[in-house]
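Contents: one structure, followed by commentary.
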Amino acid sequence: MPTAICDENKKRYPASANRKKARIRLADLHERVANARADFQHKLSRTIVDENQAVIVETLKTANMMKNHNLARAIGDAGWHSVITTLEYKAAGRGIHLVKLDQWFDK
């Protein structure tokens, strides 16, 4: 997320027209990022479901992983829960078996 747009919104007078324009630009940027993430997740889940007879995913505790400040932004940006959710409904639609393994399952 470019900080210039966020800073631009903060520097404006709260009730001004330019503040409203900056807020709209920031909202458009957030929407673009969200749409790009959703598009990638749908394409990824479709590819996984199309190329495999069964799908096995590992359940991870992302809340604990977010405690690592070096990885928190990347983990939060990935949206793993929504990837698994899209995998679930696409696998169910194609009749493909999806298994969720515990993170401590004996590998």
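Only the coordinates and a few stated rules stand behind these numbers; no lab work does. Remember, it's a predicted structure, so these values are computed and weren't measured experimentally. Counting neighbours? That spans all protein chains shown, and the Cβs are built from the backbone with ideal geometry, glycine included.
Any idea how far apart Ala74 and Arg25 come out in nm if each label point goes 7 Å out from Cα toward Cβ?
In this crude spin-label approximation the distance works out to 3.0 nm.
Would you calculate, for the chain, the mean residue ellipticity at 222 nm contributed by helices, counting each DSSP H stretch of 4 or more residues as -39,500 (n - 2.57) and dividing by all residues, to the nearest 500?
One gets -21000 deg cm²/dmol as the mean residue ellipticity at 222 nm.
Could you run the Karplus curve 6.51 cos²θ - 1.76 cosθ + 1.60 with θ = phi - 60° over the stretch 91-97 and give me ³J(HN,Hα) per residue in whole Hz, x for Gly and Pro?
5, 5, x, 9, x, 9, 7
Once mean projected area of the Cα convex hull in nm² is worked out from the coordinates, which option in (1) 9.3; (2) 6.5; (3) 8.8 does it equal?
The calculated read-out lines up with (1).
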